[in-house]
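Please read the structure below before turning to the comments.
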Amino acid sequence: MIIVMKQGTDKKSIQQVETLILNAGLNVHLSEGREVTIIGVVGDKSLVDREQLTRLPQVEKIVDITESYKLANRKFHPESTVIHVKNTTVGGDHLTVMAGPCAIENEEMMLRTAFAVKAAGANFLRGGAFKPRTSPYSFQGLEETGLKYMKKAADATGLASVCEVTSLSAIEKAVKYVDMLQIGARNMQNFALLKEAGKTGLPILLKRGLSATIDEWLNAAEYIMAEGNPNVILCERGIRTFETATRNTLDLSAVAVLKDHSHLPVIVDPSHATGVRKYIPSMAKAAIASGCDGLMIEVHPDPSCALSDGPQSLTLEQFEELCQELKPIADCVGRTFA
Ligand code: PEP
Ligand code: MN
């Protein structure tokens with residue numbers, strides 16, 4: 001349920017509504033926009049005295065929200081969210097680019113990649129230290145040692161950093177080294193993990209589950225936000241379909257739907273979506289045109305030797321070239337890049 005206040009409502013009237021809701025044992029979520037103030041009711045709305053609220057002179061209308069996610073819902077929070085991370089932002093007019101290897105392999109490759117992607121225009125360094133691999137015999141990540149390499153490279157370049165966490169112990173380690181936590185596709189509905197990630201207060205990049213609907217995805221975001229952490233970024237990374245020519249199927253219509261249903265920033269990952277290096281530039285461009293807030297791209301100094309996801313990783317040179325090509329597209333849709 002949301003309560004839309006009349007234009008020009010004063011603080012006292014807003015407080016009056018808030019008090020009524022809080023006294024009923026529910027929580028409020030205030031969204032003060034330029035034009036209109038909205039008070040979101042979080043909790044069991046049957047406990048609220050609707051008649052009493054309707055009688056208040058400054059209440060314009062009461063709207064029921066049918067979707068089960070509230071905090072992630074644009075009706076609750078009409079203005080698009082901008083998230084501040086280190087010295088950069090995600091959302092707003094800026095086009096965010098997150099780049100780096102699938103897995104952190106050693107210190108030298110992290111430093112080399114970080115300097116190259118920074119020079120090309122990236123804002124975030126990505127890299128996995130806890131790898132959720134399909135086979136238990138594949139490289140599983142360097143864990144805390146990898147996080148140390150990541151921090152060193154992020155500190156040396158000024159890039160913000162993002163690393164996937166797959167367990168509570170991974171969260172406990174990662175919070176010491178990175179600026180943003182990633183919840184991967186395989187853990188999108190690991191609700192205990194979502195809650196623990198939410199509690200850290202760090203921004204969370206929430207990837208779409210392999211076969212998750214948009215509604216399930218936004219409910220997963222709600223789990224994080226319900227812990228008092230509003231800093232969630234959604235990442236479309238392709239979904240499972242019958243098509244086998246690409247690793248997954250990039251669902252760009254999700255960007256349009258998310259922008260309609262939610263205020264959270266949206267990032268597109270054409271690397272995991274296609275799984276094929278040569279398809280990444282066109283999908284990256286299409287993603288920007290679709291209205292997303294940024295991209296996540298896998299980059300490796302020598303993809304042929306990569307310990308994970310080499311076939312979809314761009315070389316440092318290919319990433320630089322792609323960034324040049326992205327600039328006019330970003331310009332066209334009114335976004336600043338690099
Ligand atoms: C990744 O970003 O390294 C990753 C494993 O992605 P996803 O969870 O989307 O498969
Ligand atoms: Mn990968």
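Values for this structure:
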read-out: Tabulated pairs, region 134-148, first open to solvent by less than 70 Å² (accessible area, probe 1.4 Å), second at pLDDT 95 or above and part of a helix (DSSP H, G or I), C-beta under 8 angstrom, 6+ apart or interchain; value: Leu142/Tyr149; Glu144/Lys173; Leu147/Lys173; Leu147/Ala174
read-out: Residues satisfying the stated conditions in region 86-100, i.e. in contact (Cβ under 8 Å) with a residue 24 or more places away in the chain and either part of a strand (DSSP E or B) or of a type in the set (Lys, Arg) (or both); value: Lys86, Thr88, Val90, Gly91, His94, Thr96, Val97, Met98, Ala99, Gly100
read-out: Residue within region 263-280 that is within 16 Å of ligand 2 (Cβ to nearest atom), open to solvent by 10 Å² or more (accessible area, probe 1.4 Å) and assigned to a loop (DSSP other than H, G, I, E, B) present; value: yes
read-out: Pair list, Cβ < 6 Å and 6+ apart or interchain, from region 274-296 residues that are under 13 Å from Gln318 (Cβ atoms) to residues that are outside any helix (DSSP H, G or I); value: Ala284/Leu295
read-out: Top-ranked residue in region 229-262 [being within 16 Å of ligand 2 (Cβ to nearest atom) and polar (S, T, N, Q); ranked as farthest from the chain's Cα centre (by Cα)]; value: Thr246
read-out: Verdict on Glu320 being touching a residue at least 24 places away in the same chain (Cβ under 8 Å), within 14 Å of ligand 1 (Cβ to nearest atom) and under 24 Å from the mean Cα position of the chain (by Cα); value: no
read-out: Strands (runs of 3 or more DSSP E) wholly inside region 1-85 that include at least 3 residues being open to solvent by less than 30 Å² (accessible area, probe 1.4 Å), at negative phi and at pLDDT below 90; value: none
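The values are calculated or read from the model by the stated rules, or taken from the named source; none is laboratory data. Keep in mind that this is a model prediction, so the values were computed, not measured. Note that we place each Cβ from the backbone using ideal geometry, even for glycine, and neighbour counts take in every protein chain shown. Just the protein is used for accessible areas: all its heavy atoms, side chains included, with ligands, DNA and RNA removed. Shrake-Rupley method; radii C 1.70, N 1.55, O 1.52, S 1.80 Å.
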